[in-house]
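These notes are about the structure you will find just below.
Every number here is computed from the coordinates shown, using simple stated rules; none is lab data. Note that the structure is predicted; figures quoted are calculated from it, not measured. When we count neighbours, we look across all protein chains shown, and the Cβ atoms used for this are built from the backbone with ideal geometry, even at glycine.
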């Protein structure tokens, strides 16, 4: 059934609002998640209920919080909120359970699927920027389209520039924590950073400027471990910085950093976003109302409610926000339990901090990509990964003779 899982992940990654609108698909989230949900249900029959509840206590706690939220939405008559709560609170956790039960070999293949999406996502963003046109444009609040060459924002496969930027940033973080060769890490991160310039996402660009400096100092300090001389590292850094500066100054990449005032109207909206809570009723504050978003956006005279946590409170209420936040904290802590402190910092910076600068964390897509990445990017050393893959392959194919295992000697 691995092939069905791979197809399900590919469908979810590419069947977003942009492409769905282009090919006439409605109820996008239902269609993009159906394969993965059915696979989860199928897998339930292969586990004893008591064992799976014991193994995934934190995950099922989050599911319970999601189910209570859906019940509250039903009681308050917020029908749209029921569907919203399922996809935002419950689906990512169900997917996490599904992926946790997969073999190392399957997770390794999923990592390759993520990297394929990453390359095509970044490639499309760069092509859109060069041509000055969006291939799969959906006009949503806060999206700036073609007003100036420097303010153009690529929309790639995930529609909104900020959603694209958060997913790309997060994958870059996991790439740095992975067992890949340093050369491959550098290539992926550079490709991702150029695409962040195309999305014109200032928060993500600035955050990766900080991460890049820290990573540079770290690699320079331990250059003997990566078999590179300090002169080579410094030379490469100067060339990379020069190339990025040239793109920004002469071709409009990341133009909102160069041409805009950092504290422009968009930034000021983020500072004043807490005014949104003053426009809702007491009941909506406690229990949430997913219908409030558009009207509050209009009252703020902004492109959107640019704060993930405020949006979550608007959708689900302060009570369920608190329980979701605590459940989510322990869920992430469990997933990253075996990661080193440096790897945890990279994931936190590239995902949570970047997402906290806008409203992207209030959407389902970034959380699903996070779950896929945290299960598919091995945090173990390359030699250990090689042993695990080889052991799995030998067990699965123990009846086959003269099998060629050389492909495990050159893992990316």
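Observations, loosely collected:
- Backbone N under 20 Å from the residue 333 label point (7 Å along Cα→Cβ), restricted to the range 51-82: 54-66
- Stretchable slack from residue 340 to residue 234, in nm (0.36 nm times residue separation minus alpha-carbon distance): 35.5 nm
- Approximating the spin labels as points 7 Å out from Cα along Cα→Cβ, the residue 135-to-residue 103 distance works out to 3.4 nm.
- Overall form of the range 1-132 per C-alpha gyration tensor (a/c, 1.5; a/b vs b/c): oblate
- Ordered by the number of other Cβ atoms lying within 10 Å of each residue's own Cβ, fewest first, 176, 335 fall into the sequence 335, 176.
- With both labels modelled 7 Å from their Cα along Cα-to-Cβ, the residue 291 to residue 46 distance reads 4.4 nm.
- Length gained when the stretch residue 301-residue 217 is fully extended (0.36 nm per residue, less Cα-Cα span): 26.0 nm
- Extended-chain gain in nm, criterion 0.36 nm per residue less alpha-carbon gap, residue 184 and residue 127: 18.3 nm
- Sorted peptide list for 306-315, 17-26, 153-162, 281-290, criterion being average Cβ within 10 angstrom, highest first: 153-162, 306-315, 281-290, 17-26
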